[in-house]
Amino acid sequence: MITIKGILERLTYRNPDNHYTIAKLRIAKISDPVTIVGYLAGVFEGESLEVSGKWTSHPKYGDQLKVEVYKVVLPATVSGIRKYLGSGMIKGVGKSLADKIVDHFKERTLDIIENEPEKLKEIHGIGNAKKKFIEQAWNKHHAVRRVMQFLQDNDVGVYHASAILRIYGSQTLDILQQNPYAIAKDLPGVGFTIADMIAMKAGVRKDDENRLQACLIYTLLSFEQEGHVYALQKQLFRSGSKISGVDPDKFEPAIELLIDSGEVKIEQGKENTKVYLSRLYRAESGIASRMKAILSVPVNPRQVGKDQILEEVLIKLAIKLSPEQLSVVNNVLHEKIVVITGGPGTGKTTLIRALCAVYRWQDLKVVLSAPTGRAARRLSEVTGQKAFTLHKLLGFDHESGTFERNFTNPLDLDIFIVDEASMVDTQLMYQLIEAMPASAGLIIVGDTFQLPSVGPGNVLSDIIESARVKVFSLTTIFRQARQSPIIRYAHKIRNGEMPDFQKTGSGELSEFYFIENQRSEKVVETILELCSKRIPKAFPHIDEIQVLTPMHRGEAGTINLNQQLQKALNPSKGGIAAGGIKFKLDDKVMHLKNNYEKDVFNGDIGIVHEIIQSENRAIVEYDGRNVEYDILELDELTLAYAISVHKSQGSEYAAVIIALTTAHFPLLQRNLLYTAMTRGKNLVIIVGSSKALKMALNNNKTALRLSGLKQKLMSP
């Protein structure tokens, strides 16, 4: 890092939410000011700054110093203090009053204002009211400086320091000095580590109660990130011990305090004690109790014969239901909650369309929904009926983190159909079941063999295995679907059988190919050739082709593949660099987290429509709708030429290329391979080694997730 000092000449840009700043720093004996960028909270034009960081180069604006550490340097000389105080920077202190104060206190002026403001009354014309006004103005001006200085003195980087300041505002310093471990709960991921740095420097003991409580919460949040709804107490204490360096038995008092405060709940088992974060316990228990309550309400009897169902579906949809489909539709009409499951080509979508037609014929209000925007759009396309994301339907408020719809304000519907239910986690299932009227019916549709939800729980599997509700498993693959090698091979993989990938003749075309490549670098080369030369002949649009890979890291991971594909498919110059990624015009990008203000959601894929370099802004087109991102919001985007299999759930693409190498072995599982293969509609190509393919096929042991929903549903 290099360090420079200068006067902050101009604030070119400042984001008030996270303090990201672009500014000009005037340095003595240098004619042109230096551009500095970074999270600079509490700095003002005219102040002296000492900044440390690394040089970066902007394609249009040249060299910039990316600030990693900074401090406001208050003047030490009488002339400097006179100029600083008389600049009008401190509200209520003009040039005349500044001269009086400096003449009296000399070099001690700023120290007096900050630490001994009572002495200001020694100046003629300053009474109690004026002294208080100056004191408040000074504190307001310098509060952020003190917080940032405190955090940086404790080795907290400017990015995280700004995030902490955003969370706590004017209370930041008090909170950090009284109990820094509050950050562990409010700043997920890095909060405990930051709190520990501050606390250890302040001399907090390793076995301090606040420290051990924060460590347990941090560990429970880590378990949640891995998909678990609860942790076993012994395992929780062992994990906490590794993080904190404290013996496991020292955590007993800490867990009791967390139970008393209501932050965690425990369930005593015969052999193991389960420890839940309270919100996850409430969600899991709420799903079970609400489902039981809905199931206890009798179904409103509507006598409909099978012939009537067949006729209505034929008239409305021009579809003749198979005997299996007809039987399922007929049975579903007599149930309050049902699960419909089955692999590709078994007619799940046709069944949803048929049920919608029959319910509409009965004058019942049907609402279709799915967990993601992509899945909801796809459901709308195949059914011809409006479908909603669950968050939008339930009225999620991103600011408060609450849902408008619940049991006191239920949804207005008779039948609630939830598609792609394998993606629904414990908390989201709780919200949707809470928002259902007790008189309504719930139809849960999903493929249990796909990857589980990103969030915690095994909701779909637990509901099925509890045997509390009727489950209809579609097994018949329709003749048209049987002709597709994509569907045939997917079902073979599902059943643990190795497909016989037929080699087509030189003039033949197929929907499925396996291209053998042993080395990762060769896999990347082949994928680049397929995407840039061969596949575009049949699928010319960039959004029709999707590369999938199990991992982010490694040569055949998303990071490297995206960089290589961007070079091959979009070699144009220019663009905006953010978070280590350069975004260019016509790049394929993915949004990474739900943004309700922009109406863009985690996993949405778009194309960069415009780059405004002079303003550090980009505009991305999503399905014909333009969404604007400034430089700070670009961390919500990543390149999407290649995405992880997990991110592809709920989507379909015309052509899919799957990278599969032995380097992916930590994630090579049968359900991951199956999920990847079933994303392709017209073409699927696996590029990789036979050994990796066999590893995935033979590994049917999905990672065990700790979830108690099945048991809660089974209990009386």
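From most to least packed by mean Cβ count within 10 Å, the peptides 428-439, 523-534 give 428-439, 523-534.
What is the magnitude of the charge dipole of the chain about its Cα centre, with +1 placed on the Cβ of each Lys and Arg, -1 on the Cβ of each Asp and Glu, and no other charges, expressed in debye to the nearest 20?
So the magnitude is around 640 debye.
Net charge around residue 285, counting only other residues with Cβ within less than 14 Å of its Cβ (Lys, Arg = +1; Asp, Glu = -1)? Please report the intermediate quantities before stating the final value.
Working: positive: 265, 274, 279, 282, 290, 292, 710, 712; negative: 267, 284, 434, 462.
Local charge sum for residue 285: +4.
Only Cα pairs under 8 Å and 6+ residues apart enter the sum, and on that basis the relative contact order of the chain stands at 9 percent. Bridging of residue 533 to aspartates and glutamates at a Cα separation below 13 Å is possible for 525, once same-chain residues fewer than 8 apart are set aside.
Which of 54/95; 348/691; 24/106; 320/537; 492/701 have a Cα-Cα distance over 26 Å? Don't jump to the answer; show the numbers that get you there.
Details: 54/95 38 Å; 348/691 33 Å; 24/106 30 Å; 320/537 36 Å; 492/701 17 Å.
The pairs that break the limit, which is 26 Å between Cα atoms, are 54/95; 348/691; 24/106; 320/537.
Label positions at residue 593 and residue 201, each projected 7 Å from the Cα along the C-beta direction, are separated by 2.5 nm. Once both labels are positioned 7 Å from their Cα atoms along Cα-to-Cβ, the gap between residue 304 and residue 711 label points is 4.0 nm. A dipole drawn for segment 215-297 from +1 and -1 charges on Cβ atoms has a positive end, and of 215, 235, 268 the residue lying farthest that way is 268.
Of all DSSP-defined beta bridges confined to the chain, some 60% are antiparallel rather than parallel. With a cut-off of 15 Å between beta carbons, the residues surrounding residue 245 carry a summed charge of +1, where Lys and Arg count +1 and Asp and Glu -1. Here's the picture: a label point sits 7 Å out from the Cα of residue 465 along the beta-carbon direction, and within segment 676-716 the residues with their amide nitrogen under 18 Å of it are 699-716. Computed from backbone phi with θ = phi - 60° and the Karplus coefficients 6.51, -1.76 and 1.60, the 3J(HN,Hα) list for segment 35-40 is 7, 10, 9, x, 8, 10 Hz; x is used for glycine and proline.
Among 628-641, 671-684, 401-414, how do they line up from the highest to the lowest mean number of other beta-carbon atoms within 10 Å?
671-684, 628-641, 401-414
DSSP beta bridges in segment 287-429, what fraction antiparallel, as a percent rounded to 5? List each step's numbers first, then the result.
Values: 3 of 10 bridges.
For segment 287-429, the DSSP antiparallel bridge percentage is about 30.
Each Lys and Arg contributes +1 and each Asp and Glu -1, all at the Cβ; summed about the Cα centre of segment 345-416, the dipole is approximately 420 debye.
As a fraction of the 1.4 Å probe accessible area of the chain, surface on carbon and sulfur atoms comes out at 50 percent.
For the chain, the residue among 473, 332, 171 whose Cα projects farthest onto the positive side of the dipole built from Cβ charges is 473. Short-range pairs are left out: with C-alpha atoms under 8 Å and at least six residues apart, the relative contact order of segment 601-649 is 27 percent.
Going by average Cβ density within 10 Å per residue, which order do the peptides 217-223, 371-377 take, highest to lowest? Each step should come with its number before you reach the end.
Details: 217-223: 21.0, 371-377: 23.1.
Sorting 217-223, 371-377 by mean packing, highest first, produces 371-377, 217-223.
Here the Karplus curve 6.51 cos²θ - 1.76 cosθ + 1.60, taken at θ = phi - 60°, turns the phi angles of segment 221-228 into couplings of 5, 5, 4, 4, 4, 8, x, 7 Hz, with x standing for Gly and Pro.
Do any of 185/712; 29/71; 316/681; 386/598; 66/132 go past 30 Å between their Cα atoms, and which?
Details: 185/712 28 Å; 29/71 21 Å; 316/681 26 Å; 386/598 20 Å; 66/132 38 Å.
Going by Cα-Cα distance, 66/132 fall outside the 30 Å limit.
Sequence gap at least 6, Cα distance under 8 Å: using those rules, report the relative contact order of segment 375-443 to the nearest whole percent.
Relative contact order here is 32 percent.
Our coupling estimate for segment 408-413, obtained by passing each phi through the Karplus curve with A = 6.51, B = -1.76, C = 1.60 and θ = phi - 60°, is 8, 9, x, 5, 8, 7 Hz, Gly and Pro reported as x.
Where does the charge balance sit around residue 369 when Lys and Arg score +1, Asp and Glu -1, over other residues with C-beta under 11 Å from its C-beta? Intermediate values should be presented prior to the final figure.
Working: positive: 386, 392; negative: 419, 420.
My count for the surroundings of residue 369 gives 0.
With helices as the sole contributors, the chain gives -11500 deg cm²/dmol at 222 nm; each DSSP H run of n ≥ 4 counts as -39500 (n - 2.57), and the sum is divided by every residue.
Toward the positive end of the charge dipole of the chain, with +1 on the Cβ of Lys and Arg and -1 on the Cβ of Asp and Glu, the farthest Cα among 359, 499, 663 is that of 499. Secondary structure note: in segment 606-716, about 60% of the DSSP beta bridges are antiparallel.
The values are calculated or read from the model by the stated rules, or taken from the named source; none is laboratory data. A quick note: this is a predicted structure, and the numbers were derived from the prediction, not measured. As a convention, Cβ positions derive from the backbone with ideal geometry for all residues, glycine included, and neighbour counts pool all protein chains shown. These area figures cover heavy atoms from the full protein model, side chains too; ligands, DNA and RNA do not enter into them. Shrake-Rupley method; radii C 1.70, N 1.55, O 1.52, S 1.80 Å.
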